[in-house]
């Protein structure tokens with residue numbers, strides 16, 4: 001797959017080889033634009049963080065008061081004490097972990113079968129993947145809700161997870177990956193007496209680690225941010241994932257921006273931390289959506 | 001392969017599969033067991049509700065009613081006469097158009113700059129990508145505060161420069177542009193990374209050969225980068241449009257569709273009809289409209305898929 005993002009700073013287009021003042025101007029201009037863009041991307045988060053550290057009565061501010069004179073964590077304490085944030089975080093983690101687990105397992109299996117299998121209906125299954133890939137999940141939530149209530153699954157974690165576990169993207173991605181594994185590996189394993197499933201566990205899975213970690217990170221980010229479906233299918237606020245609980249706070253804390261920003265920072269922190277630790281994996285996860293393998 | 005494979009699953013099952021005509025001497029039945037969980041999920045969670053959307057849209061369907069009378073295309077006829085629907089569609093198209101106009105070109109520009117491999121590229125890309133990993137609910141909350149009429153940083157900044165201030169989300173003319181601007185800010189990094197991957201996929205030797213031939217920077221960009229980036233650009237445009245037609249969360253958090261219907265979008269109105277007023281039939285008609293739009297765009301994408309540049 002051609003999704004290796006090169007962020008090394010190593011010149012490969014020859015742009016840096018030329019010298020002269022013209023080159024310096026171009027480079028300085030590029031740095032300038034990129035610095036402005038980076039600042040614009042970061043400032044709202046910094047602003048939220050600064051607001052969250054201010055006492056509620058001092059939020060009303062002029063430009064000079066943007067930085068809190070006496071930082072306080074009271075907003076964090078208050079929003080945490082008054083709302084089941086810990087429960088919502090637990091729900092989000094549970095849902096994310098569940099969806100990631102089943103996505104990796106089922107999608108790598110199905111991708112393996114589509115790439116290396118030889119069975120009647122294989123083309124049909126592939127068309128099913130490509131076909132469902134273009135169905136926007138939002139468009140099917142009404143009938144899915146009706147179906148889930150038939151199965152008595154409304155307000156359950158399973159109902160939330162099903163929609164995301166059924167997502168075909170991972171199958172498509174894993175198929176593309178497994179296609180790149182030479183058939184000779186499989187034949188050699190067959191010679192050694194490996195069964196179809198053993199080839200999967202012993203050969204295919206270990207080789208697929210980079211693709212699987214990208215898929216895991218992509219899926220985790222997606223589920224952590226999921227909103228519409230959990231909002232619809234969950235009726236009990238104790239079942240809410242963090243995003244749905246958080247959105248419900250806006251009415252309750254309509255002008256208490258210090259506490260709302262504290263909640264926003266708490267909700268953003270897990271993903272941002274993970275992102276800072278594994279920036280490249282995150283970006284490759286996104287880049288994979290654009291790859292045709 | 002086939003002689004071994006029979007041992008992998010119970011004998012009765014492989015016999016049943018053979019009798020059902022799914023397995024012949026050449027086929028290894030194990031593949032079916034590997035692929036079946038996902039196929040079942042597709043069927044139950046994607047295909048059944050997908051067909052269900054069309055079915056429900058032809059009925060007057062209240063969730064607690066005993067019967068759901070068939071009303072043909074009445075829901076669609078009603079949509080045609082529904083001013084809020086047209087307003088929602090208009091807002092959604094506006095949103096998609098703005099993303100195409102600003103999000104895609106800026107993302108391409110940033111990707112090209114990052115591809116210059118300047119010192120600090122890792123930091124720049126990390127920063128610009130930060131809004132992408134943050135959830136829509138979180139950035140919507142933050143931007144509601146930024147747009148706050150009295151104390152938001154946007155108005156404070158404008159006032160300190162002596163410029164007029166606005167009630168960004170409370171003004172009927174400004175609310176939709178404000179929501180859209182924030183969405184572009186959030187989404188640019190996503191397209192940027194796809195462009196960056198596309199640029200990374202262009203083989204080095206093209207540039208090397210061009211440099212030997214004496215091509216300058218502009219010529220290398222014009223005759224190598226641009227044509228080879230076309231498939232990526234097309235992909236980004238279509239995916240951005242498909243993405244745009246689903247705009248929902250930021251409207252829910254930032255404006256609740258208001259003021260009046262100024263920020264209603266297709267998905268927001270769908271949600272309000274379906275789960276605010278429990279008109280499942282009417283909401284499903286809107287879902288079908290969304291499906292048709294997204295399918296049209298996807299077919300457009302599939303068609304150009306074949307005309308891909310081969311390296």
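Read the figures in this text as sums done on the coordinates, not as results from a lab. All figures in this text were calculated on a predicted structure; none of them were measured in a lab. Cβ placement follows ideal geometry from the backbone for every residue including glycine, while neighbour counts extend to all protein chains displayed.
Across region B:214-310, Cα-Cα pairs farther apart than 17 Å form 64% of the total. Per residue, the average separation of C-alpha pairs within less than 8 Å and at least 6 apart gives chain A a relative contact order of 33 percent. Given a 10 angstrom Cα cut-off, can you work out which residue in A:264, A:39, A:274 is the most mobile in a GNM of chain A? Highest fluctuation of the listed residues: A:39.
Summarising the label geometry, the points placed 7 Å from Cα in the beta-carbon direction at residue B:70 and residue B:181 lie 5.2 nm from one another.
Taking each DSSP H run with n ≥ 4 as -39500 (n - 2.57) and averaging over every residue of chain A yields -21500 deg cm²/dmol at 222 nm. Semi-axes of the equivalent ellipsoid of chain B are 41, 37, 18 Å, computed as sqrt(5λ) over the eigenvalues of the C-alpha gyration tensor in descending order. Dimensions of the protein assembly as shown along the principal axes, based on C-alpha atoms and rounded to the nearest Å, stand at 82, 77, 48, largest first. Taking the convex hull of the alpha carbon positions in region B:52-150 and averaging its projected area over all directions gives 11.6 nm². With each label modelled as a point 7 angstrom along the Cα→C-beta vector, the residue B:160-residue B:36 pair spans 6.6 nm.
Based on C-alpha pairs under 8 angstrom that are at least 6 apart in sequence, region A:134-293 has a relative contact order of 31 percent. Across region A:21-75, C-alpha contacts under 8 Å between residues 6 or more apart give a mean separation that, scaled by the residue count, equals a relative contact order of 33 percent.
Between residue A:134 and residue B:221, the simple spin-label model (points 7 angstrom out along Cα→Cβ) gives 3.4 nm.
Partner shielding of A:105-114 amounts to 5, given as the average count of beta-carbon atoms from other chains within 10 Å of each residue beta-carbon.
How large is Rg over Rh for chain A, taking Rg from the Cα atoms and Rh as the Kirkwood inverse mean of 1/r across Cα pairs? Ratio of gyration radius to Kirkwood radius: 1.06.
Computed extension gain for residue A:87 through residue A:156, at 0.36 nm per residue and net of the alpha carbon distance, reaches 23.4 nm. The mean number of Cβ atoms from other chains found within 10 Å of a Cβ in peptide B:196-207 is 5, as a whole number. Using only Cα atoms, locate the centre of region B:151-197 and the centre of region A:215-282, then give the distance between them in Å, rounded to an integer. If you average the Cα positions of each part, the centres end up 21 Å apart. The calculated FRET efficiency for the pair residue A:198 and residue B:51, based on their C-beta separation and a Förster distance of 41 Å, comes to about 0.60. Helices in chain B, meaning DSSP H runs of at least 4 residues, each add -39500 (n - 2.57). Divided by all residues, the mean residue ellipticity at 222 nm is -19500 deg cm²/dmol.
For region A:21-75, what class follows from the C-alpha gyration tensor (a ≥ b ≥ c being the square roots of its eigenvalues): rounded when a/c is under 1.5, otherwise prolate if a/b is larger than b/c, else oblate? It comes out prolate by the Cα gyration axes. Peptide packing: for B:200-208, B:34-42, A:223-231, the average count of neighbouring Cβ atoms within 10 Å per residue gives the ranking A:223-231, B:34-42, B:200-208, highest mean first. Residues of region A:116-148 with an amide N closer than 17 Å to a point placed 7 Å from the Cα of residue B:20 along the Cα-to-Cβ direction: A:118-126. Cα centroids of region A:89-132 and region B:51-119: 27 Å apart.
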